[in-house]
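The values are calculated or read from the model by the stated rules, or taken from the named source; none is laboratory data. Note that this is a predicted model, so its numbers are computed, not measured. Ideal geometry is used to build each Cβ from the backbone, glycine not excepted, and the neighbour counts take in all protein chains shown. These area figures cover heavy atoms from the full protein model, side chains too; ligands, DNA and RNA do not enter into them. Shrake-Rupley method; radii C 1.70, N 1.55, O 1.52, S 1.80 Å.
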Amino acid sequence: SYGFAHECKIKYSELMYSNFLVLFSALPIACTVTVGIGNWKYFCCHGGISKQYPTIEQINQENRFLMELPEGQILHDLLWSDPIDRLIKNRNIPWNTPQPNDFPFNEERKTSFFFTKNACLRFLTKIGCQSMIRAHEAFPEGYHCCHFGIKPDPPFPMCFSIFGKYNYLESNPP
């Protein structure tokens, strides 16, 4: 077993983990950030996108103070969904293979789903963003530029995954 909950309970205590849950419930779920020449706009969140393709206003109206988020809800999706990029690469699926479902179930996590390039593009277009920045997945390098298994077109990734501890997988193998 690995992950934040396990590590926090082992290194600190159940109480410390509970305090983190209270803290996390007070943090924003997502935001948009506009930077640089041309005002490039990023959608930033912990996990990924929702099947419901919510607007920023709908995300802001969600009750983020729940300790448990029911599956299928917008906030659950924003916290737990993952881009399908790694899954495609791990299974050696050619970059141009069409995906029959924009939101296949995430068997690895046993909750939420993966989202495809088409789903990501549809969501980003709806909210007026060009790319997204997310956390939620550990990578050996500490980050991953997600091109959804496609050739870099555009060369700028549609989705960046950034993990706060670059060697997390070395010290916490799955």
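Name every residue in region 1-50 that is aromatic (Phe, Trp, Tyr) and more than 16 Å from the chain's Cα centre (by Cα), in order of residue number.
From region 1-50, those aromatic (Phe, Trp, Tyr) are 2, 4, 12, 17, 20, 24, 40, 42-43; that's our starting set.
Within region 1-50, 2, 12, 17, 20, 40 qualify.
Any idea which residue in region 128-174 is farthest from the chain's Cα centre (by Cα), counting only those that are outside any helix (DSSP H, G or I), modelled with pLDDT under 85 and of a type in the set (Gly, Ala, Ser)?
Taking the candidates together, the pick is 149.
Within the set of pairs 6+ apart or on separate chains, which have a first residue in region 17-40 that is open to solvent by 80 Å² or more (accessible area, probe 1.4 Å), a second that is assigned to a loop (DSSP other than H, G, I, E, B) and not aliphatic (A, V, I, L, M), and C-beta atoms under 6 Å apart?
Note: pairs meeting the criteria are 40/130.
Specify which of the listed residues (105, 115) is among the aromatic types (Phe, Trp, Tyr) and either open to solvent by less than 30 Å² (accessible area, probe 1.4 Å) or modelled with pLDDT of 90 or more (or both). Steps first, answer last, please.
Details: 105 fails: either open to solvent by less than 30 Å² (accessible area, probe 1.4 Å) or modelled with pLDDT of 90 or more (or both).
When all the criteria are applied, what remains is 115.
Pick from 7, 71: which is modelled with pLDDT of 85 or more and in a helix (DSSP H, G or I)? Break it down stepwise before answering.
Working: 71 fails: in a helix (DSSP H, G or I).
The conditions single out 7.
For residues in region 50-68 being farther than 20 Å from residue 120 by Cα and in a loop (DSSP other than H, G, I, E, B), which is least open to solvent (accessible area, probe 1.4 Å)? Before the answer, list the steps.
Kept after step one, since they are farther than 20 Å from residue 120 by Cα, are these residues of region 50-68: 61-68.
If we keep only those that are in a loop (DSSP other than H, G, I, E, B) too, we end up with 62-68.
On the way: 62: 55, 63: 80, 64: 72, 65: 121, 66: 78, 67: 111, 68: 153 Å².
By that ranking, first place goes to 62.
If you scan region 128-137, which residues turn out to be open to solvent by 20 Å² or more (accessible area, probe 1.4 Å) and out of contact with any Leu (no Cβ under 9 Å at 6 or more places or on another chain)?
So in region 128-137, the residues open to solvent by 20 Å² or more (accessible area, probe 1.4 Å) come out as 128, 130, 133, 135-136.
Across region 128-137, the qualifying residues are 128, 133, 135.
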